[in-house]
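Participant: Before I ask anything, let me first share the structure, which is written out below as structure tokens.
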Amino acid sequence: MVLKIFFPQCCNTADSGLLVGHWIPGHNSAVVLAVIHYPFIPGQVKKYLSELQSQTQVDLTVLGSWSMPKEGKEGMDSFLKDLSTIFPQKCWLQLSREIGKRGFICQVVQNNGKLLQDREQKNGDEGSEGDKIILIHYDQRKVMLSQLHPVQDVGQKSDIEHSELRLVFQTVAHSQPLFFLDKYDDGPLKLTHWQSEGREASIIAELLKQASVPVCIFLTWLLSLWHWFCSFRILHLYPVLFISSKLSTCVQSGYRAVHFKTVFSPKKAATHMEFMRKANIFVSFLLDIALGLLLISWLYRENRISKLADTLVPVADRVAKEFFLYHIHLWSSYIHLMSPFIERILWYVGLSACLGLTFALSVLSDIVALLTFHIYCFYVYGARLYCLKIYGLSSLWRLFRGKKWNVLRQRVDSCSYDLDQNTADTTLFPLQLFIGTLLFTILLFLLPTTALYYLVFTLLRLVVVLFQGVIHLSVDFINSFPLFAIGLRICRPYRLAEGVKFKVLCQEPGTPLHLMMEINPLKCSSVLQCYRTPTYSCYPKDSWAALCKKLFVGELIYPWKQKTDKTD
């Protein structure tokens, strides 16, 4: 039998006392959590452990005794060993440390009185098979704060049995109330654990916790007013609903409303994933606001908005005059009509950055869509005309080869053009071939001119779509990037654990094997994959092959399409 004892580093130099911890069910493993020092009353110890069990839902028991020799306390070891009758266990651990040695001496007394000893400590026959005892030292604070991945929530039902390592992490994490008692408390019991020298706390953090509850309630009330306003029936009519779904600003507003509802909920996060999602959304929102304020400070410095307006008006006018005369006249009139208001519009658009950089980028995307609407019109004209000629040429080409398109079965079938002698109208099929030849010739010679117009307008449309795609991807990156998780991975890598590694700490004769358990942090790529916030992200509607096919045949492309469901 191999017995593993997980021992906290903070108790290596603790005074003699009782070992408090938990036996891992189904495994020959014990997790030591704290040491209770003498003087104590056994009844008070039992009462204290029963109160902790109701709080932590962890079966906390007295595992055994811990002896640290000191002057004037020579009889303490025998006293602690006799306590096994008061605190009956299936195995009573007796750990002791000698002066000048790094390793511990470990003896395990079973409930039948049999002494279970490590085979390296035995002096008997070398060929006899003995039991193996391994002492695994761990950093109690890091193990308590860390989360082992992949994450398995408490309420998650799984047929797979939890591993021994995961049970150790869960035991230490759920025993936090045990660590609230430090040496400065006036209680009847004195304990040694990672927080025994004084409770780790922050006045600022406690004040923020107290102030967050009324603030969250007030913001939740404001969100309810916003949802009440959005529930008006006039806003759900088809024209308004269609236009709002195409405007990036409206989409971002709805997305932020969902975020605020999640973050400002007064309910405490029940699981680790809910807490990380709230933290990531909140930190991303703060970063968004900070970037927006930086953009405002840049725009309103040195009169940059006026310079930008003076640059945009002549550029838009010059670009528009390169197209069809009718559209040139309309677009030029529109530009000259709007030119006095361009600076004022940019000024108010810059103020939208107070709501965050994502709002400013969304407004910029909508402005680009409005200013380049004539390019979209030209692209639709050219694409429809080019697509009509391509499909016409393909249909006429099938006519020459004796084929036709079956609309009902959606396939190409054979078509016989032999003259039927019994048919009265024998000139039907030659006339059809003659008209088809004329149409094919006309369409074929007009195709280069149409294709050239289509190519120019498609390239312009692709430039606009690419620019809007970069904006949408930037907004999606800011909304979904797990900044809190990445910061946690960089500053405190032990908080996100992928596993553990062991190294030999001590292997002295007469003592069991001592190992040091260290936490392996989660990889940054795994952090991004696990904690990326689900978003209504923009994605290419078609694959690259399908997109190239649509461009070749002249079908309209909408590569940046808004998702209707949130996905990871």
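The values are calculated or read from the model by the stated rules, or taken from the named source; none is laboratory data. In this text the structure is predicted, and so the values were computed from the model without any measurement. Methodologically, a virtual Cβ is constructed for each residue, glycine included, from the backbone with ideal geometry; neighbour enumeration extends over all protein chains shown. Side chains included, ligands, DNA and RNA excluded: accessible areas come from the protein's heavy atoms. Shrake-Rupley method; radii C 1.70, N 1.55, O 1.52, S 1.80 Å.
Participant: Collect residues whose amide H, placed 1.01 Å from N in the peptide plane, falls under 5 Å from the amide H of Val500; neighbours closer than 5 in sequence don't count.
Facilitator: Asn520
Participant: Given a 1.4 angstrom probe, what's the average accessible area per residue across the range 199-301, in square angstrom?
Facilitator: 69
Participant: Got a sec to turn the phi values of the range 375-380 into Karplus ³J(HN,Hα) couplings, 6.51 cos²θ - 1.76 cosθ + 1.60 with θ = phi - 60°, whole Hz, x for Gly and Pro?
Facilitator: 5, 5, 4, 4, 5, 5
Participant: Now, a different point. At a 1.4 Å probe radius, which order do Ser244, Ser362 fall into by accessible area, largest first?
Facilitator: Ser244, Ser362
Participant: Separation between the Lys132 and Leu505 pseudo-spin-labels, each 7 Å from Cα along Cα→Cβ, expressed in nm?
Facilitator: Label at Lys132, label at Leu505, 1.9 nm between them.
Participant: Please identify which residues in the range 250-267 have an amide N closer than 16 Å to a label point set 7 Å out from the Cα of Val215, following the Cα→Cβ vector.
Facilitator: 260-267
Participant: Modelled label-to-label distance, Leu222 and Asp185, 7 Å Cα→beta-carbon offset: nm?
Facilitator: 4.0
Participant: Now for a separate question. With a cut-off of 8 Å between alpha carbons and a minimum separation of six or more residues, what is the relative contact order of the range 1-45 in percent? Don't skip to the answer; put the middle values down first.
Facilitator: Numbers: 59 pairs, mean separation 18.4, N = 45.
In percent, rounded to a whole number, it is 41.
Participant: Further question: Calculate one ³J(HN,Hα) per residue across the range 11-16 by plugging θ = phi - 60° into the Karplus curve 6.51 cos²θ - 1.76 cosθ + 1.60, and present them in order as whole Hz with x for glycine and proline.
Facilitator: Result, rounded to whole Hz: 9, 5, 10, 6, 5, 4.
Participant: Just flag the GluC sites (Glu not before Pro) in the range 169-214 sitting in loop per DSSP whose Cβ has no more than 11 other Cβ atoms within 10 Å.
Facilitator: Those that pass, being in a loop and sparsely packed, are Glu200.
Participant: Could you tell me whether the range 1-61 comes out rounded, prolate or oblate from its Cα gyration tensor? Rule is a ≥ b ≥ c as square roots of the eigenvalues, rounded for a/c under 1.5, then prolate if a/b exceeds b/c, otherwise oblate.
Facilitator: Oblate.
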